[in-house]
Each structure stands twice: as C-alpha cells, then as structure tokens.
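Below is one structure, written out as structure tokens; comments come after it.
The values are calculated or read from the model by the stated rules, or taken from the named source; none is laboratory data. This one's a predicted model, so the numbers in the text were calculated from it and none came from an experiment. We place every Cβ from the backbone using ideal geometry, glycine too, and count neighbours over all the protein chains shown.
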Amino acid sequence: MSMLEIKNLHASVDGKPILKGLNLTLNKGEVHAIMGPNGSGKSTLASIIAGNDAYEITEGSIEFEGKSLLDLEPHERAAAGVFLAFQYPVEIPGVSMMNFMKTAMNEIRAQQGLEPMEPAAFLKRVREKQALVELDAKLANRSVNQGFSGGEKKRNEVFQMAMLEPKLAVLDETDSGLDIDALRIVAQGVNALRNTNNAFLVITHYQRLLDYIVPDVVHVLANGKIIKTGTKDLAFKLEAKGYDWILETEKA
C-alpha cells in the first residue's frame, strides 16, 4: 500500500484554478522531488496536504496510508504523521521554542493515546536533534524563529521535524535563501531521518538541493499537473536546459 496517493486533484483559490488533475503516488522509504516553474502549483500542493483551508478542492482525492486526508483537520493530519516545512517559517513572539516543541509533541502523543513525554526524555531528545542540524542551543530559549537568520529558521524547521519524527514530511522550498553551508546542514538532517518507514516530498526550484538530498523520483509540475517523471537525471537536464525545454517537449 502506498503512503500517499493523490488522484486527479483539482484545487482553486478565490475561484482561480491552480491544480488541474494532479496525480502522485509516494511509497514508504521513498524521497520524491517536485520541480517546476513559478506559479505551477508546487506550494499549493504542499499547503493542501498540510490542510490549509484557503484552497478549495473541486475534484479528486488524497489518501494517506489508505485513509482520506481531506477528511482530517490540520492538527489531525499532524497527529497522523504529516509534517510541512514552510518556505517562509513564521515567527511566534512570546512562545519559547521549548514550550512550543513540548506542546506540539504532547498534543500529538495525546491524539495517539500516549502519555506526555517525561521531562528528562524530552530534554535528551532535544539535545540529540539539535546536534543533528547543528542548531545553537541558545536559540532554544528564544521565541519561535524570532530574530533567527534565514538559515537558522530552516535548521529550526528540520529540528522540529526531527523531534516529531513524522511519517510523511513535505519540504516546501527548504533550500530557498540558504547558503551552501546551511544547505548542507539542513540536508544532512533530512538524510539522517530517512528510513524505510517514512517518506519525503521535496519541493524545489533548483537542482542543487538534490545534490545533497538524492531523490528516488523527480516530477515536473507545470500548469497544475505533473507533466513528466524521471530519475535525478531529469533534474540535471532541467538545470541545463530550463523549463521551456520540457514544456516545448511535452507540447510536441
């Protein structure tokens, strides 16, 4: 059984169609990359998977582990094991990182019928996962993302993902605005979390991220649907020839 199955997905915002019949199958243990030009629907797809209600689903389905994801509220999707790393992580003034993570973890555990995590176990996990993404321990005592650099925000997103250990992680242009060192560290964290029981959907504009997070499958999304699927070699061709090449190829 596939982990994520999207069939004929149509979605619009303010009456404007964005996704126009998107199909995607993602299995356990796989990393899929989605590339495409601006306005193709990449971030829309990520937001819909996470449960952003700004988008209207007009047709199609999304199943996660055999159950309809569209029937679940965002917090229920998180409890089921879905995680979204934002392109532009938000700041939450007045909420410390530690309280934020403890609340998030224990809410998910409660949804799963588990007891809250013991403080000692929680702190041990924090130290392990901070080291994974080389996140400065001092940042843990500050408000969520407040005053963080772009690279620190992205590392913090991967830190949160590492803490929550989701089944499905959607990375929406996590490489946006990162220098090479920060990109390496973020990718290092993602690669350390890859296993046979989870899956990653990596959304990116650039092939460079895929030098660090090597995908099993690369999809090209254009005009609201996936128009081509291939191996990492497809990403190299896109980098060399641009999206016009593939759009013209598909028209031919």
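Only one of these conditions is not met by Asp71: (1) surrounded by 13 or more Cβ atoms within 10 Å (Cβ to Cβ); (2) modelled with pLDDT of 80 or more. Which number is it?
Failed condition: (1).
Starting from segment 108-123, keep only residues that are assigned to a helix (DSSP H, G or I), then list their pairs with residues that are surrounded by fewer than 10 Cβ atoms within 10 Å (Cβ to Cβ) and at pLDDT 85 or above whose Cβ atoms are within a distance under 9 Å, requiring at least 6 positions of separation or different chains.
From residues that are assigned to a helix (DSSP H, G or I), the pairs are Arg109/Glu115.
Could you please let me know if Glu165 is without any contact (Cβ under 8 Å) to a residue 40 or more places away in the chain and under 17 Å from Phe83 (Cβ atoms)?
On the way: without any contact (Cβ under 8 Å) to a residue 40 or more places away in the chain: yes; under 17 Å from Phe83 (Cβ atoms): yes.
So Glu165 passes the test.
Yes or no, residue by residue, for (1) modelled with pLDDT under 85; (2) in contact with a strand residue (DSSP E or B) (Cβ under 6 Å, 6 or more places away or on another chain); (3) of a type in the set (Val, Ile, Thr); (4) crowded, with 19+ Cβ neighbours inside 10 Å:
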site: Glu115; (1), (2), (3), (4): no, no, no, no
site: Phe122; (1), (2), (3), (4): no, no, no, no
site: Arg125; (1), (2), (3), (4): no, no, no, no
site: Glu128; (1), (2), (3), (4): no, no, no, no
site: Val133; (1), (2), (3), (4): yes, no, yes, yes
site: Ala137; (1), (2), (3), (4): yes, no, no, no
site: Ser143; (1), (2), (3), (4): yes, yes, no, no
site: Asn156; (1), (2), (3), (4): yes, no, no, yes
site: Ala169; (1), (2), (3), (4): no, yes, no, yes
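Mind listing just one residue for me: the one in segment 195-231 that is crowded, with 16+ Cβ neighbours inside 10 Å and of a type in the set (Lys, Arg) and, of those, farthest from Lys42 (Cα to Cα)?
Result: Lys228.
Any residue that is among the basic types (Lys, Arg) and farther than 30 Å from Asp244 by Cβ - is there at least one of those in segment 34-55? Show your work before the answer.
Our first condition is that a residue be among the basic types (Lys, Arg); within segment 34-55, this holds for 42.
The next check asks that each one be farther than 30 Å from Asp244 by Cβ; those that pass are none.
Taking every residue of segment 34-55 in turn, none turns out to be among the basic types (Lys, Arg) and farther than 30 Å from Asp244 by Cβ.
For segment 184-252, please list each of the strands (runs of 3 or more DSSP E) lying entirely inside it that holds at least 1 residues being under 18 Å from Lys154 (Cβ atoms) and at pLDDT 85 or above. First the steps, then the outcome.
Details: elements: 199-203, 217-222, 225-230.
Output list reads 199-203.
Confirm whether Gly29 is at positive phi and at pLDDT 90 or above.
Numbers: at positive phi: yes; at pLDDT 90 or above: yes.
Taking the combined requirement at face value, the residue satisfies it.
Looking only at residues that are in contact (Cβ under 8 Å) with a residue 24 or more places away in the chain and part of a loop (DSSP other than H, G, I, E, B) in segment 44-60, which one is nearest to Ala187 (Cα to Cα)?
Per the criteria, the residue is Gly51.
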